[in-house]
Amino acid sequence: MRFKTAQIRLVSSHPEVYEPCDDSFALVDALLADRSKLIEHKPKLCMEVGCGSGYVITSLALLLGQESNGVQYFATDTNPYALKVTSETLEAHGVHAELISTDIASGLEKRLAGLVDVMVVNPPYVPTPEYEVGREGIASAWAGGEDGRSVIDRILPIADNLLSDKGWLYLVTLAANRPLQICLQMRQKGYASRIVLQRSTDEESLHIIKFWRESDTQ
Amino acid sequence: MRLLTHNMLSSNIKGVTNGFPLRIEVEKVVEKEVDLNPDFLRSMFSKIDWKALVHAARSIGYSELPDEADPSMLDSDDFLSRFHHALLQLHLEEGVLICPETGRRFPVNKGIPNMLLHEDEV
Ligand SMILES: C[S@@+](CC[C@H](N)C(=O)[O-])C[C@H]1O[C@@H](n2cnc3c(N)ncnc32)[C@H](O)[C@@H]1O
């Protein structure tokens with residue numbers, strides 16, 4: 001049986017916005033693989049950092065439902081065009097997410113702390129020279145600095161702060177990001193982890209890792 | 001932008017200690033009907049800063065929320081439907097969010113608040 005995710009032909013685009021790619025599909029496939037657990041999890045607030053085209057947050061909203069199911073979605077990006085494209089993609093699928101133009105979750109960290117039940121992140125993870133990170137335009141969609149870890153390493157403590165006690169984080173990483181080292185680092189903050197999906201393409205080896213607080217038995 | 005989001009946003013400028021709630025300057029508000037989920041409202045109630053919600057709703061033209069609220073009111077359908085309307089059905093489509101401490105203005109265009117900072121504000 002196939003479940004509903006965002007349809008590529010309904011995903012909007014812009015020359016400056018990252019188009020759904022192998023990494024985006026891998027993340028959505030990981031969410032699909034976890035679908036029944038996600039539904040049982042009954043999240044109230046879900047969030048995506050770096051929503052790009054909106055393909056992932058739209059798929060999550062289709063997977064878990066909207067207001068009638070008591071779920072709300074937030075999505076952020078630093079690229080204003082990405083938010084415009086995301087809002088078009090959401091609308092084309094008849095779903096809604098609250099969009100905020102911001103760096104990771106800046107502005108939300110105080111009040112949203114401990115409230116996010118599901119967080120999904122497909123970060124800029126490609127190893128690049130440090131000066132390429134966070135520049136304007138499309139390069140900021142992939143440029144990840146040394147080991148591709150610059151943005152990831154800034155996101156992890158913020159995710160820790162935002163996640164609720166039962167919160168789950170799904171993170172896309174590349175082998176070059178040293179995913180095991182990320183898991184160890186999160187372990188020190190009290191998180192267990194599992195590789196939900198591993199996929200090698202011609203160019204890259206992707207791992208989608210799920211994190212949850214160890215105190216919370218799944 | 002829903003008032004739920006307004007209730008979760010603070011001024012993120014470096015050095016600001018009292019960045020919540022952001023004041024609202026309205027250009028355009030739209031209403032979009034969505035299903036009411038009582039469980040969602042009941043569980044969000046304790047997370048919402050009620051005073052900020054009342055003020056925000058008033059500043060965008062909705063004054064049907066009681067000044068004070070306590071959890072016992074969550075049994076009332078009338079209260080739930082007002083809370084639902086304020087939290088989820090009213091959208092600030094165009095306007096400005098203003099930092100209560102510095103007066104820094106964060107524009108909201110097409111319902112999307114822009115919280116990106118200039119280099120000297122980070
Ligand atoms: C690899 S793309 C993923 C896009 C989309 N989520 C997907 O899976 O197709 C990474 C996205 O993160 C955004 N981004 C980069 N740095 C960011 C930051 N510091 N805060 C928020 N978003 C960021 C980029 O603009 C880009 O849209």
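Considering only protein heavy atoms and a 1.4 Å probe, what is the carbon-and-sulfur percentage of the accessible area of segment A:17-213? Percent of accessible area from carbon and sulfur atoms in segment A:17-213: 49. The charge dipole of the protein assembly as shown, taken about its Cα centre with unit charges on the Cβ of Lys, Arg, Asp and Glu (plus for the first two, minus for the last two), comes to roughly 560 debye. For segment A:1-69 versus segment A:188-211, the inter-centroid distance based on Cα atoms is 17 Å. Largest first, the extents of the alpha carbon coordinates of chain B on the three principal axes equal 48, 28, 21 Å.
Stokes-Einstein diffusion of chain A at 37 °C, 0.692 mPa s viscosity, Kirkwood radius from Cα pairs, rounded to a whole number: 192 µm²/s.
Dipole size in debye (nearest 20) for segment B:3-116 around its Cα centre, Lys and Arg Cβ +1, Asp and Glu Cβ -1? Walk me through the intermediate numbers first.
On the way: 12 positive and 17 negative charges, 145 e Å.
Computed about the Cα centre, the dipole is about 700 debye.
Assuming R0 = 41 Å, what is the FRET efficiency of residue B:67 and residue A:135, from their Cβ-Cβ distance, to the nearest 0.05?
Details: r = 48 Å, r/R0 = 1.16.
About 0.30, to the nearest 0.05.
Partners of residue B:14 within straight-line reach, counting lysines whose Cα lies under 19 Å from its Cα and excluding those fewer than 8 residues away in the same chain: A:110. How far is the Cα center of segment B:7-51 from the Cα center of segment A:110-144, in Å? Here the two parts' Cα centres lie 25 Å apart. Our coupling estimate for segment B:51-59, obtained by passing each phi through the Karplus curve with A = 6.51, B = -1.76, C = 1.60 and θ = phi - 60°, is 4, 5, 5, 4, 5, 4, 4, 4, 6 Hz, Gly and Pro reported as x. Name all residues of segment A:75-119 having a backbone nitrogen under 13 Å from the label point set 7 Å from the Cα of residue A:7 along its Cα→Cβ direction, giving them as ranges. Answer for this model: A:92-94.
Dipole magnitude for segment A:136-182: computed about the Cα centre from +1 point charges on Lys and Arg Cβ and -1 point charges on Asp and Glu Cβ, it is near 120 debye.
The values are calculated or read from the model by the stated rules, or taken from the named source; none is laboratory data. Just so it is clear, the model here is predicted, and its values are computed rather than measured. Don't worry about glycine lacking a Cβ; one is built from the backbone with ideal geometry, like all the others, and counts go over all protein chains shown. Protein only, heavy atoms only, side chains kept; ligands, DNA and RNA dropped before computing areas. Shrake-Rupley method; radii C 1.70, N 1.55, O 1.52, S 1.80 Å.
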